[in-house]
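Single-structure report; data block below.
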Amino acid sequence: MEDSVSKQPSKDTEASKLERWASIISGGALVLGGLQQRSLRGILMAAAGGSLAYQGVQKKSTLKQVGEAVGIEKTILVEKTVTINRPAAELYSFWRQFDNLPKFMRHVKSVQVHDAQHSHWVANAPLDQSIEWDAVIVDDQPDRLIAWTSTDDAEVNHSGFVRFQPATGDRGTEVKVVMEYELPGGAVAAAIAKLFGEEPEQQIGDDLSRFKQLMETGEIATTDGQPKGA
Amino acid sequence: MKAVCWHGTHDVRVDTVPDPTILNPRDAIIKVTSTAICGSDLHLYDGFIPTMQSGDILGHEFMGEVVETGPGVTNLKQGDRVVVPFTISCGSCFFCERDLWSLCDNSNPNAWMAEKFYGHSPSGLFGYSHLLGGYAGGQAEYVRVPFADVGPLKVPDGLSDEQVLFLTDIFPTGYMAAENCDIEPGDTVAVWGCGPVGQFAIRSAFMLGAERVIAIDRVPERLALAQAGGAEILNYEEIDPGEALKEMTGGRGPDSCIDSVGMEAHGTGPISLYDTVKQAVRLESDRPQVLRQAIAACRKGGRVSVPGVYGGFIDKVPMGAFVNKALTMRSGQTHVHKYLRPLLERVQKGEIDPSFLITHRLPLEEAPRAYKIFRDKEDNCIKVVLKPFAAAV
């Protein structure tokens with residue numbers, strides 16, 4: 001398979017992508033507004049540069065190429081920020097331990113950590129199905145940022161980053177999550193679209209609320225299991 | 001256990017439901033010895049608060065005995081007698097740390113719903129719609145209390161349930177309403193609504209140094225109780241309160257105005273009819289008759305304090321008067337945790353005995369009748385206390 005990225009005409013040079021990445025991870029502006037039509041994944045890949053861990057990621061899966069060919073490709077892009085009343089270092093450490101994520105991410109069933117860079121993700125899908133992919137960390141800045149993307153062979157191209165930025169005036173840490181799912185079409189796309197429903201922002205927002213609750217109070221607020229009249 | 005459940009507009013029933021259990025480490029289970037019906041429960045009863053579900057257990061004014069604690073609760077033990085704030089607060093978020101307990105970031109599991117309505121979510125409340133958490137309430141034999149290491153206050157020996165029960169909501173609510181008036185010596189405070197919150201607002205205004213309080217209602221026994229609390233009274237069905245307030249304050253208007261009526265205000269005249277019709281067909285969620293009067297009556301540079309419950313949108317707010325008279329408006333669900341201890345001290349010192357308000361004491365089983373007489377102000381009803389274990393009382 002050829003490297004399809006290199007064949008695509010692009011206004012973005014790798015250098016400009018890197019510049020954008022630098023501004024994304026330090027800026028206060030809306031990330032998705034700045035991305036416009038560009039792919040988060042593209043910028044993340046540029047950020048990863050020539051790192052060995054990253055080899056092969058730029059190839060597109062066959063499924064994705066098929067999806068593009070028949071024009072049913074769908075991208076879900078989400079950006080959500082929450083302020084958490086804990087130090088950035090503590091939040092980063094908890095998140096960086098990926099097997100903690102299912103504690104507050106409702107749709108993530110498990111994350112298996114293979115090594116410092118690689119992990120295997122399993123998400124719940126409708127009808128007792130699950131969707132799995134391998135992810136690789138492409139940028140890791142302690143107490144500040146974790147960025148990841150799915151590997152080449154994943155059915156679902158998933159990329160994202162979480163950024164921890166101290167809020168002004170002792171107001172805790174602003175935690176921003178930006179995620180992108182490039183759906184290849186077909187059954188898997190339908191399952192993921194259903195997984196996220198009409199409003200992926202709300203689901204990511206709920207996950208972040210639960211993260212906040214866990215970090216600020218040690219538990220996640222619930223009414224599941226309380227009594228109710230018939 | 002027995003619990004008072006909402007099944008629809010004007011349909012509350014005493015159902016047998018499973019006992020509550022500990023769901024989170026910081027939970028406690030309380031055996032309820034006394035619980036009250038709040039005026040704000042009537043907004044649920046009348047079907048004006050969205051996101052209620054059939055079977056929801058009502059009640060947010062309750063107290064009782066600790067029967068079980070989760071592993072995260074070390075300050076309470078079995079048998080402790082506690083009053084429980086109606087607002088559920090974590091104690092560690094930005095807002096709780098700043099004494100803004102009813103704005104707790106972490107206690108509403110349905111925050112997304114409230115965010116759609118309000119932009120941001122307030123704290124969860126007991127028994128007050130899914131929008132505000134969907135927590136089972138305390139008009140029941142037992143209730144689960146989240147963040148029990150933060151909210152419940154142990155009651156010192158020697159105080160009866162009836163003396164401390166209203167620390168859970170209406171006393172702090174009336175007190176915060178008065179505090180929001182920034183009362184200065186010589187001030188006159190007008191209070192719309194002589195229901196339970198209004199009664200506490202009247203007494204709190206005096207505690208905080210008001211020289212005069214003018215109370216407005218139309219129910220004779222409520223006006224009489226306001227008068228007993230030291231207020232001058234106005235019956236709005238007999239006299240236009242706007243004119244009267246101006247005359248009674250030398251043309252200046254009251255320094256502060258408290259709306260302790262909220263979304264289901266009654267009034268007279270065409271604007272009142274307009275609200276009733278619009279609310280009935282759901283074009284307007286709330287009837288803001290009192291709020292309009294308060295803004296119109298308030299002196300220039302004065303304060304409008306709103307403890308009354310509003311849930312949604314209102315029409316015809318006299319914004320021109322508000323701006324050109326440079327008024328300040330303050331509101332919010334009550335930061336109960338902030339007021340529990342200081343108000344308990346006032347009760348202990350004998351400055352106030354909150355039980356003056358109670359007109360009806362009934363077993364829990366009679367809740368459906370209690371809701372009806374409270375709503376219709378039958379039998380001179382001002383405040384109902386329900387006893388879930390009546391035989392033991």
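Worth a mention:
- Residue satisfying condition, being closer than 18 Å to B:GLY308 by Cα, in contact with a His (Cβ under 9 Å, 6 or more places away or on another chain) and basic (Lys, Arg), within set B:ARG203, B:ARG218: B:ARG218
- Residue within the range B:131-148 that is out of contact with any helix residue (DSSP H, G or I) (no Cβ under 8 Å at 6 or more places or on another chain), at positive phi and within 14 Å of chain A (Cβ to nearest Cβ) present: yes
- Applying the criterion of at least 3 residues that are over 27 Å from B:ILE170 (Cβ atoms) to the helices (runs of 4 or more DSSP H) found wholly in the range B:213-289 leaves B:241-248, B:270-280.
- Flag if B:LYS316 is touching a residue at least 40 places away in the same chain (Cβ under 8 Å), over 15 Å from B:GLY174 (Cα atoms) and of a type in the set (Lys, Arg): yes
- Scan of the range A:202-220 for residues that are assigned to a helix (DSSP H, G or I), more than 7 Å from every other protein chain (Cβ to nearest Cβ) and touching a Lys or Arg at 6+ places or on another chain (Cβ under 8 Å), ordered by number: A:GLN203, A:ILE204, A:ASP207, A:LEU208, A:ARG210, A:LEU214, A:MET215
- Count of the range B:139-150 residues, restricted to those that are assigned to a loop (DSSP other than H, G, I, E, B) and more than 13 Å from B:VAL17 (Cα to Cα), is 5.
- Count - residues of the range B:228-253 that are among the polar types (S, T, N, Q) and more than 17 Å from B:VAL189 (Cβ to Cβ): 1
Here's the yes/no breakdown for (1) more than 18 Å from A:THR222 (Cβ to Cβ); (2) among the β-branched types (Val, Ile, Thr); (3) touching a Phe, Trp or Tyr at 6+ places or on another chain (Cβ under 7 Å); (4) not assigned by TED's automatic domain parsing to the domain that holds B:CYS298:
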{"residue": "B:ALA114", "(1), (2), (3), (4)": "no, no, no, yes"}
{"residue": "B:GLY124", "(1), (2), (3), (4)": "no, no, yes, yes"}
{"residue": "B:VAL143", "(1), (2), (3), (4)": "no, yes, yes, yes"}
{"residue": "B:VAL150", "(1), (2), (3), (4)": "no, yes, no, yes"}
{"residue": "B:VAL155", "(1), (2), (3), (4)": "yes, yes, no, yes"}
{"residue": "B:MET176", "(1), (2), (3), (4)": "yes, no, yes, no"}
{"residue": "B:THR188", "(1), (2), (3), (4)": "yes, yes, no, no"}
{"residue": "B:GLY193", "(1), (2), (3), (4)": "yes, no, no, no"}
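- Checking each residue in the range B:81-106 for being touching a residue at least 40 places away in the same chain (Cβ under 8 Å), buried (at least 24 other Cβ atoms within 10 Å of the Cβ) and more than 19 Å from the chain's Cα centre (by Cα) picks out B:CYS90, B:CYS96.
- Residues that are within 14 Å of chain A (Cβ to nearest Cβ) and among the hydrophobic types (A, V, I, L, M, F, W, C) number at least 3 in the following helices (runs of 4 or more DSSP H) confined to the range B:1-118: B:94-97, B:111-118.
- Long-range neighbours under 8 Å by Cβ, at least six apart or interchain, first residue farther than 20 Å from B:MET248 by Cα within the range B:199-223, second part of a helix (DSSP H, G or I) and charged (D, E, K, R): B:GLN199/B:ARG222; B:SER204/B:GLU179; B:MET207/B:ARG346; B:LEU208/B:GLU179
The values are calculated or read from the model by the stated rules, or taken from the named source; none is laboratory data. Nothing here was measured: the structure is a model prediction, and the numbers come from that model. Backbone-built Cβ (ideal geometry, glycine too); neighbour counts: all protein chains shown.
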